[in-house]
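Let me begin by presenting the structure, written as structure tokens, before commenting on it.
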Amino acid sequence: MLAFLLHRLLYVTPVAIGVTVVCFLLVHLTPGDPLTAILPADATLELQEQMKAAYGFDKPLPVQYALWFWKVLHGDLGHSIATGRPVLTEVMRAVKNTLILATVATAIGFTFGTLFGFVAGYFRDSWLDKLASFVSVLGVSVPHYWLGMVLVIIFSAQLGWLPPTGAGPDGSGDWRPDAAHLRYLILPAITMSVIPMGVIARTVRALVGDILSQDFVEALRAKGMSEFGVFRHVVTNAAPTALAVMGLQLGYLLGGSILIETVFSWPGSGFLLNAAIFQRDLPLLQGTILVLAMFFVALNLAVDVLQTALDPRIKRG
Amino acid sequence: MSSLSPAGAPLVETKNLTVDFVGTGKPVRAVAGVDLTLAPGEVVALLGESGSGKSVTLRALMRLLPEKRAKIGGSIRVDGRDVTALSRRELSAFRGSTVAMIFQEPGLAFDPVYRVGDQIAEAVVRHERVSRAAGRARALALFERVRIPSPEQRLDNYPHEMSGGMRQRAMIALALACRPKVLLADEPTTALDATVQIQILLLLRELQRELGLAVIFVTHDIGVATEVADRIAVMYAGRIVESGACRDVIRAPAHPYTRGLLASRADHVFTKGTRLETIPGAPPDLTALPPGCAFAPRCAQARPACNAGVPEERTASPHHVARCLLLPAPAEDGACHRADATAAA
Ligand SMILES: Nc1ncnc2c1ncn2[C@@H]1O[C@H](COP(=O)(O)OP(=O)(O)O)[C@@H](O)[C@H]1O
Ligand code: SF4
Ligand SMILES: [Mg+2]
């Protein structure tokens with residue numbers, strides 16, 4: 001298992017380096033000089049050259065990359081142009097918030113997704129299947145920002161049960177696990193959970209149908225297993241794939257939450273990304289994308305390892 | 001579980017067993033009235049071309065067919081019990097403990113993500129309400145019994161870590177785990193290499209004798225049938241067209257289909273595993289069986305009377321019957337005599 005882990009780590013290293021290159025080039029290939037955003041419009045040529053030298057933009061690209069990479073390795077992602085605070089601090093705080101939101105949303109989505117998926121797959125073509133499939137298709141196809149707004153209208157504006165926006169009563173960007181903060185998490189988490197729920201339900205439904213049509217299920221019945229006993233085998237067979245899909249969904253939610261975070265003003269990475277883009281805060285944008293991409297790589301690795309650990313058929317090493 | 005049937009009564013008895021597949025498209029009559037009996041300790045080979053309904057017949061005996069799609073008719077009695085009347089709970093107690101099945105593809109019949117030893121222990125725990133440890137112990141004893149080398153380590157194998165022959169040995173161990181009275185073997189050697197095939201056949205025969213098992217052995221290979229069976233029942237288009245003691249059927253086949261099977265094999269007497277596909281003509285269409293003898297379209301001796309109705313069983317020699325109009329009609333003297341003459345022809 002250790003050899004397998006090392007092997008996989010070796011495997012993702014080039015991917016991770018590739019990600020840093022893309023993030024680096026992102027800033028340098030975007031139209032407009034990275035400095036135009038911070039320099040006054042009437043800056044003299046001399047001042048521009050000075051600033052270029054100060055930021056190292058006058059050096060050749062590979063050298064700039066090496067210098068930047070070295071800093072990144074030491075946790076230095078530069079400073080936000082808008083706030084002047086270290087990018088790493090800003091990003092980590094936002095990522096933490098997104099991680100909380102995405103994890104809770106995925107957990108909700110996984111719970112209901114597997115439930116619907118198993119019911120639909122087990123009672124294929126029954127009305128239960130049609131109902132479960134309808135709900136999951138709805139989950140995938142309803143625009144989630146629209147759903148978010150509908151939920152806000154119902155539960156915040158009309159009923160006044162839950163706060164419409166933000167992460168906590170004090171308006172700060174730090175979410176804490178207590179009852180007051182939990183109320184802020186409910187609406188965005190439910191809104192976000194609809195996507196993984198739909199995807200997981202559809203995957204599990206297909207998976208269960210596929211497993212049930214395999215010969216070993218008949219053999220299980222032939223040796224006298226109860227339906228519950230058969231079900232246990234189906235769950236064990238479905239688990240590696242279902243968990244892998246869950247992991248990947250978590251990954252997508254980590255990066256793809258701009259709309260929902262904006263609707264709910266949830267101070268996560270999507271919200272931060274949104275702000276960075278509109279303020280042309282390039283160091284912040286670069287740092288956020290880099291951290292999110294690295295999370296995605298790490299998550300893929302974790303999914304891979306987990307799936308291998310759960311499925312004896314996948315060769316280790 | 002003690003037998004309710006008196007000594008000497010058949011362990012398995014079907015009367016006019018039919019299986020119809022309904023649902024998509026035309027209904028398919030896969031089994032069209034099978035009368036089959038199996039005495040304790042007896043081995044019957046169910047012989048026939050692929051698609052003749054052998055596997056469906058076996059599955060019907062355990063009610064393993066999908067209930068919504070497969071309609072079972074007629075009566076099935078196993079070990080004194082009416083299988084068609086068993087409740088869901090009774091059925092799962094019955095499967096594996098009174099009747100066990102060995103499948104054609106051992107590679108597909110085990111759950112790929114469970115250890116083989118656990119899959120055997122699971123059955124023992126289920127039927128005998130013992131601890132997992134006791135189940136494991138039984139699995140180990142069975143692995144030794146079916147002569148799997150280093151059985152202790154092999155118990156922890158996943159199915160894909162075993163060879164085909166070893167998996168089939170494990171399958172046999174699983175089938176025997178709860179001491180069944182009847183073993184249903186569905187082409188247990190077809191998926192294996194020739195040399196492994198023989199080993200598995202020998203093992204099955206040895207275990208059958210030691211344990212006094214009653215076995216229905218499905219095969220499409222006459223060589224295999226003669227190797228293992230006391231009795232042969234030849235199946236065609238969902239019916240048993242001939243049955244009798246192994247030597248009678250082989251020496252004096254009474255049905256033209258059986259004769260065709262034997263003739264197609266005669267050219268390669270020395271090759272094992274000859275497939276039964278050299279009879280001219282197409283296999284029957286189960287969605288539209290002819291009103292009379294299903295073999296008539298392929299039979300060289302067919303006559304108009306053959307299409308009038310499904311031929312009744314007629315006696316060829318004592319305990320040897322066939323559904324063919326070439327045999328003398330019943331209730332006449334000297335039947336044996338004339339049947340022998342026909343068979344010799
Ligand atoms: N699950 C099923 N659904 C529909 N038809 C089936 C099914 N299983 C078997 N049949 C039909 O029954 C016929 C006999 O099948 P089978 O008993 O498997 O033949 P074999 O003698 O080769 O074992 C097949 O030709 C097929 O048309
Ligand atoms: S009944 Fe007629 S058609 Fe059928 S096998 Fe006998 S001779 Fe041939
Ligand atoms: Mg078959």
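The values are calculated or read from the model by the stated rules, or taken from the named source; none is laboratory data. These numbers were taken from a predicted model, which means no experiment stands behind them. All Cβ positions, glycine included, derive from the backbone under ideal geometry; neighbour counts span all protein chains shown. Side chains included, ligands, DNA and RNA excluded: accessible areas come from the protein's heavy atoms. Shrake-Rupley method; radii C 1.70, N 1.55, O 1.52, S 1.80 Å.
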Exercise. Can you pull the one-decimal nm distance between simple spin-label points at A:ALA43 and B:HIS319, each 7 Å off the Cα toward Cβ?
Key: 10.6 nm
Self-check item: Estimated inter-spin distance, B:ASP285 and B:SER150, nm [label 7 Å along Cα→Cβ]
Solution: 5.6 nm
Quiz prompt | Area of A:HIS7 that stays accessible when all protein chains are in place (1.4 Å probe, Å², to 10) | solution = 80 Å²
Self-check item: Residue among A:ALA189, A:ALA16, A:ALA219 with the largest mean-square fluctuation in a Gaussian network model of chain A, springs linking Cα atoms under 10 Å
Solution: A:ALA219
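Between A:LYS52 and A:ASP174, what is 0.36 nm times their sequence separation minus the Cα-Cα distance? Round to one decimal in nm.
Values: separation 122, 0.36 × 122 = 43.92 nm, distance 3.57 nm.
So the chain would gain 40.4 nm between A:LYS52 and A:ASP174.
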Exercise. Whole Å is fine, so just give me how far the alpha carbon centre of the range A:195-273 lies from that of the range B:87-131.
Key: 28 Å
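Restricting to bridges with both residues inside the protein assembly as shown, how much of the DSSP beta-bridge set is antiparallel, in percent to the nearest 5?
Values: 30 of 49 bridges.
Within the protein assembly as shown, antiparallel bridges account for around 60 percent of the total.
Take every DSSP beta bridge whose two residues both sit in the range B:160-304, then give the antiparallel share in percent to the nearest 5.
Working: 6 of 11 bridges.
Given both bridge residues lie in the range B:160-304, the antiparallel proportion sits at roughly 55 percent.
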Practice problem: Could you list, in their original order, any pairs among B:LYS26/B:LYS54; A:LYS130/B:LYS26; A:LYS71/A:LYS96 whose Cα atoms are separated by more than 24 Å? | Solution: A:LYS130/B:LYS26
Exercise. Evaluate the distance, in nm, between pseudo-label points positioned 7 Å from the Cα of A:VAL27 and of A:MET149 along their respective Cα→Cβ axes.
Key: 3.5 nm
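Just want to confirm a number: the relative contact order over chain B, from Cα pairs under 8 angstrom separated by 6+ residues, in percent.
Working: 642 pairs, mean separation 63.7, N = 345.
Relative contact order comes out at 18 percent.
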Quiz prompt | Per-residue average of Cβ from other chains inside 10 Å of B:62-68 | solution = 2
Exercise. With a 1.4 Å probe and every protein chain left in place, tell me how much accessible area A:THR89 has, in Å² to the nearest 10.
Key: 90 Å²
Quiz item: Of B:GLU67, B:GLU206, B:GLU49, which is the most mobile in a GNM of chain B whose springs link Cα atoms less than 10 angstrom apart?
Solution: B:GLU67
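Taking R0 as 56 Å, what FRET efficiency do you get between B:GLU128 and A:THR103 from their Cβ-Cβ distance, rounded to the nearest 0.05?
Taking R0 as 56 Å, the efficiency between B:GLU128 and A:THR103 is 0.80.
Work out the FRET efficiency for A:LEU61 and A:TRP127 from their Cβ-Cβ distance, taking R0 = 51 Å, and round it to the nearest 0.05.
The computed FRET efficiency comes out at 0.25.
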Practice problem: For an R0 of 60 angstrom, estimate the FRET efficiency from the Cβ-Cβ distance between B:ILE198 and A:THR13 and round to the nearest 0.05. | Solution: 0.70
Quiz item: In debye, nearest 20: dipole of chain A around its Cα centre with unit charges on the Cβ of K, R (+) and D, E (-)?
Solution: 860 debye
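Just from its helices, what would the mean residue ellipticity at 222 nm be for chain A, if runs of 4 or more DSSP H residues each count -39500 (n - 2.57) and the sum is divided by every residue, rounded to the nearest 500 deg cm²/dmol?
Details: 12 runs with 227 residues, N = 317.
Computed mean residue ellipticity for chain A: -24500 deg cm²/dmol.
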